[in-house]
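These notes concern the structure reproduced below.
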Amino acid sequence: MRTSVVLFTSDLRLHDHPPLRAALGGSERTVPLFVRDRAVDRAGFAVPNRLAFLADCLRDLDAGLRERGGRLVVRAGDLVDRVCEVVAEADADEVHMASDVSAHAQRREERLRRALEAAGVRLHVHDTVTGAVAPGTVTPAGSDHFAVFTPYFRRWSDVSLRDALAAPRTVRVPDGVGSEPLPSRYGVPGLSAGLATGGEQEGRKRLGAWLRGPVAVYEERHDDLAGDATSRLSPHLHFGTLSPVELVHRARRAGGPGPEAFVRQLAWRDFHRQVLAARPDAGTADYRTRHDRWRSEREAREDIAAWKEGRTGYPVIDAAMRQLRHEGWMHNRGRLLTASFLVKTLYVDWRVGARHFLDLLVDGDVANNQLNWQWVAGTGTDTRPNRVLNPITQARRFDPDGGYVRRWVPELEGVQGRAVHEPWRLPADERAALDYPDPVIDLSAGLARFRQARGR
DNA sequence: TCATTTTTCGT
DNA sequence: CGAAAAATG
């Protein structure tokens, strides 16, 4: 009797799951396995918000498998050791998994392939599971990856995607392969109070509601901070409770400018993935260095703390940083503004900001997070590396009535209209009555001055 | 068909 | 300014 193992990683779903389908199609028994990878804990990636969301996802995945006659096997430890252990217990002939792009994922896949080969077991790695268009599918002449988004997007749009797969009807799991108890979000300390719920069911519900309604006005409203008109599907894409291939198909089927703009954002995700796949060190090192001599963490300690805690004295920055802490999520426009403020205005190393985002974001993803931070810092793929986003101009444009600021900065909730973006310009008595800090820095003192002071 | 130069264009 | 495409030889 043929037996297979399907190793779930960042693909915690039953719909449109090629490794699962291949495993079920090629054998009578299949072990659905998830490993709580000790290396991920050690690297500091197992933060409370994502651990809680992950726990939701695993419980939902287990529930979905049980509806189909199966169950999820969870183990903790070294991923390669645990997979080999389960392969031996189940006497499996093959292992299926999804490919992924980070340095960690690439090393993990290689180690696993070698260990399984030594045991005479074949590892099947499926692409187009964690991304829609796999890295390397389209390339410019003379390079293994695109460094500019627009030409990438043209080629990406021409790729014909495979059809989305249905969820399997039945899953037969061999007897005698034990599982640890499933983790629960209730045991996780330090969660953001407004954290989203994980799981494939939840993701599909959100996707359906998104495509039935708000996506239609996504193009006009996606940058409006107070409108909060983005999909909020990012954590589901990060954990793979939703399939990017299915998302692109369904958005294209909906048609129109909103869905097209949404698909474009999904292409950005693949763009960053193909950069990281080709240059895995871009997660920690400058993709294209500008020889910045950032202020050290020690030198900028007070500024960094003010930024993290949302008390920089720039209302839109503080609003966004407080949303991050409260929800484990931040509006995309807020991410751009707060990142630009840290790297361009406070002139702090992008890695400091990227790490803080990864510490809190429920969708915290190495490719998206690190390469977007690099884009803002001017060390990444931005073709205009000196771009600086002015928090006041941007606030007036993307939070014209100030509603986003008043929602997240209660000290300012009594200030009407867009005046909320510049509390220092209020009449002195009104200003004094607010328990809100003065700006930590004069905007004109930012990047140019820091760079000059450092002789570059 | 290929290498090199020129033009275009960039969340 | 530099990457990617187009034009050129």
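The values are calculated or read from the model by the stated rules, or taken from the named source; none is laboratory data. The structure displayed is predicted, hence computed values, not measured ones. Using ideal geometry, Cβ is built from the backbone for each residue, glycine included, and neighbour counts are taken over all protein chains shown. Side chains included, ligands, DNA and RNA excluded: accessible areas come from the protein's heavy atoms. Shrake-Rupley method; radii C 1.70, N 1.55, O 1.52, S 1.80 Å.
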Any residue on another chain or 5+ positions along whose placed amide H is under 5 Å from the amide H of A:VAL415 is listed here as none
Simple SL model, points at 7 angstrom along Cα→Cβ for A:ALA167 and A:VAL388; separation in nm is 5.1
Per region A:301-453, sqrt(5λ) over the Cα gyration tensor eigenvalues, sorted largest first, in Å, gives 25, 18, 14
Binned at 20 Å from zero, the C-alpha pair distances of chain A give percents of 23, 54, 20, 2, 0
Expected vector for region A:139-146, Karplus 3J(HN,Hα) from phi with 6.51, -1.76, 1.60 and θ = phi - 60°, integer Hz, x for Gly and Pro, equals 9, x, 4, x, 8, 8, 7, 7
Hydrophobic long helices for chain A, i.e. whole DSSP H runs reaching 30 angstrom or more by Cα along the axis with Kyte-Doolittle mean at least -1.0, come out as A:257-278
Carbon and sulfur atoms account, in whole percent of the 1.4 Å probe accessible area of region A:34-113, for 45
With the label point 7 Å along the Cα-to-beta-carbon line of A:ASP144 and a cut-off under 15 Å to each amide N, the hits in region A:283-309 are A:283
FRET efficiency (A:MET1, A:ASP429; Cβ distance; R0 60 Å; to 0.05) is 0.15
Per residue, accessible area of chain A with a 1.4 Å probe, heavy atoms of protein chains only, in Å², comes to 43
Once the dipole of chain A is set up from charges on Cβ (+1 Lys and Arg, -1 Asp and Glu), the residue from the list A:GLY176, A:LEU165, A:LEU61 lying farthest towards its positive end is A:LEU165
Calculated from DSSP helices alone, with each H run of at least 4 adding -39500 (n - 2.57) and the total divided by the residues of chain A, [θ]222 nm to the nearest 500 comes to -13000 deg cm²/dmol
